[in-house]
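A quick write-up on the structure given underneath.
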Amino acid sequence: MVKHRVLSGIRATGRLHLGNYFGAVKGMLALQNDPDYETLYMVADVHTLTTPYTIEELRKNRREVILDYLAAGLDPKKSILFQQAEVNEHIELAFYFSSVVTIAKMQHLPTFKDKVKQYPEHATMALLNYPILMAADILVYKASLVPVGIDQEPHLEVAREIARRMNQDYGTDFPEPKRFATKGEYIPSLTGEGKMSKSVEGSYINLTDDLETIRKKIRSVPTATTAGGEMPVGVKTLFAFLNLVDPGLVEKFQKTYDAGTLKFVELKDHVAEAISKELQPFQQKRKELEEDTAYVDRVIAEGAEKARAIAQKTVKEVREKMGLLS
Ligand code: TYM
């Protein structure tokens with residue numbers, strides 16, 4: 001049976017947070033452990049160039065994400081783990097793809113507009129090209145399934161459009177990639193506004209946070225003075241977390257909320273403890289991996305080699321079909 005291929009990535013912008021974990025990593029793990037899928041997971045280090053960054057941080061983070069992957073249970077025996085910048089074919093294919101995409105289309109994407117608002121001084125061509133490079137990341141492996149959070153849906157729509165255009169215009173056989181959704185496809189911000197995001201201070205919990213830090217952060221989620229009635233956003237957020245880390249208790253807390261007897265601090269401390277418990281195996285494994293430099297180096301080198309072999313084949317095919325090889 002032909003295996004379906006899966007590709008996903010996380011930008012090298014710092015430590016992973018709960019949004020990355022529940023929205024992406026959980027899905028990456030589920031597909032890695034399903035024998036019907038061949039899985040490739042990368043660090044999107046080239047995508048990091050699309051917003052302001054420091055060279056030193058990038059150098060560090062492109063390795064840290066590999067450590068996070070390994071600590072979360074991604075296994076180089078089952079998945080190809082690699083750094084995007086090690087496979088030049090992504091960038092080459094992105095350029096070919098850019099010839100079937102209009103500027104207007106890219107300028108109207110909500111993800112582009114948001115980033116321009118956030119970094120008005122940094123509306124670069126690299127930022128405009130972000131979704132095209134992402135399409136190349138996926139399609140260079142002809143991956144049909146992409147475990148990512150719901151915020152990535154507009155980018156996947158672009159990838160599908162590119163696949164269709166390339167197939168129509170040049171007779172390639174790219175699949176139209178679909179999102180693989182997890183239960184945590186949208187993790188809200190701790191501030192009670194929008195989604196959890198690395199670029200919004202006070203919005204996130206890092207996977208490496210200890211219990212005290214998590215408790216402090218969860219206690220800062222805005223709630224109401226009394227329970228009962230329509231749930232304010234912050235309370236909804238707490239219930240969303242509870243549903244992910246200790247779903248068996250949702251009903252009990254919901255009942256006390258409806259009865260108006262819920263003490264928010266009790267719910268908060270319970271959620272904090274359950275999150276910390278969920279993260280313990282990750283934190284333990286990460287400490288061990290930090291000591292094992294040689295192993296991590298080997299994973300990175302072997303991953304790049306395996307990914308390259310697949311990517312080179314696709315790019316050669318595309319060059320041929322587009323008239324760039326005689
Ligand atoms: P990045 O680094 O912004 O996010 C990495 C992953 O985490 C998910 N995520 C969330 N999920 C649920 N709730 C949240 N609050 C939350 N915040 C982040 C994102 O949906 C994503 O899955 N464009 C990608 C990186 C990328 C990529 C790719 C992904 C580059 N090339 C090819 C898949 C395939 C991104 O924004 O990463």
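The values are calculated or read from the model by the stated rules, or taken from the named source; none is laboratory data. Source: prediction; values computed, not measured. Methodologically, a virtual Cβ is constructed for each residue, glycine included, from the backbone with ideal geometry; neighbour enumeration extends over all protein chains shown.
Numbers for the structure displayed
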read-out: Among (1) touching a residue at least 60 places away in the same chain (Cβ under 8 Å); (2) within 16 Å of the ligand (Cβ to nearest atom); (3) not in a loop (DSSP other than H, G, I, E, B) - the single one residue 240 does not satisfy; value: (1)
read-out: Check on residue 208, under 23 Å from residue 73 (Cβ atoms), among the β-branched types (Val, Ile, Thr), more than 9 Å from the ligand (Cβ to nearest atom) and not in a loop (DSSP other than H, G, I, E, B); value: no
read-out: Leading residue by the ranking (farthest from residue 167 (Cα to Cα)) among those in segment 77-128 that are among the basic types (Lys, Arg) and without any contact (Cβ under 8 Å) to a residue 24 or more places away in the chain; value: 117
read-out: Whichever residue in segment 133-151 is surrounded by fewer than 21 Cβ atoms within 10 Å (Cβ to Cβ) and either within 14 Å of the chain's Cα centre (by Cα) or over 16 Å from residue 28 (Cα atoms) (or both) and, among such residues, is nearest to the ligand (Cβ to nearest atom); value: 151
read-out: Count - residues of segment 11-43 that are within 8 Å of the ligand (Cβ to nearest atom), surrounded by fewer than 24 Cβ atoms within 10 Å (Cβ to Cβ) and under 21 Å from residue 139 (Cα atoms); value: 1
read-out: Qualifying residue in segment 246-268 (condition: in contact with a Phe, Trp or Tyr (Cβ under 7 Å, 6 or more places away or on another chain), in a helix (DSSP H, G or I) and under 30 Å from residue 144 (Cα atoms)); value: no
read-out: Qualifying residue in segment 181-190 (condition: at pLDDT 95 or above, more than 15 Å from the chain's Cα centre (by Cα) and within 14 Å of the ligand (Cβ to nearest atom)); value: yes
read-out: Sole exception among (1) within 21 Å of the chain's Cα centre (by Cα); (2) in a helix (DSSP H, G or I) for residue 166, by number; value: (1)
read-out: Residues that are within 24 Å of residue 145 (Cβ to Cβ) and surrounded by fewer than 19 Cβ atoms within 10 Å (Cβ to Cβ), drawn from segment 181-199; value: 181, 183, 186, 195
read-out: Matching residues in segment 145-193 - criterion: being closer than 17 Å to residue 317 by Cβ and small (Gly, Ala, Ser); value: 163, 171
read-out: Pair list, Cβ < 7 Å and 6+ apart or interchain, from segment 249-263 residues that are within 16 Å of residue 226 (Cβ to Cβ) to residues that are exposed (fewer than 13 other Cβ atoms within 10 Å of the Cβ) and at pLDDT below 95; value: 260/226
read-out: Residues satisfying the stated conditions in segment 24-46, i.e. touching a Gly at 6+ places or on another chain (Cβ under 8 Å) and among the charged types (D, E, K, R); value: 26
read-out: Qualifying residue in segment 207-220 (condition: farther than 20 Å from residue 266 by Cα and exposed (fewer than 15 other Cβ atoms within 10 Å of the Cβ)); value: no
read-out: Any chance residue 226 is of a type in the set (S, T, N, Q), at pLDDT below 95, outside any helix (DSSP H, G or I) and away from the ligand (no atom under 15 Å from the Cβ); value: yes
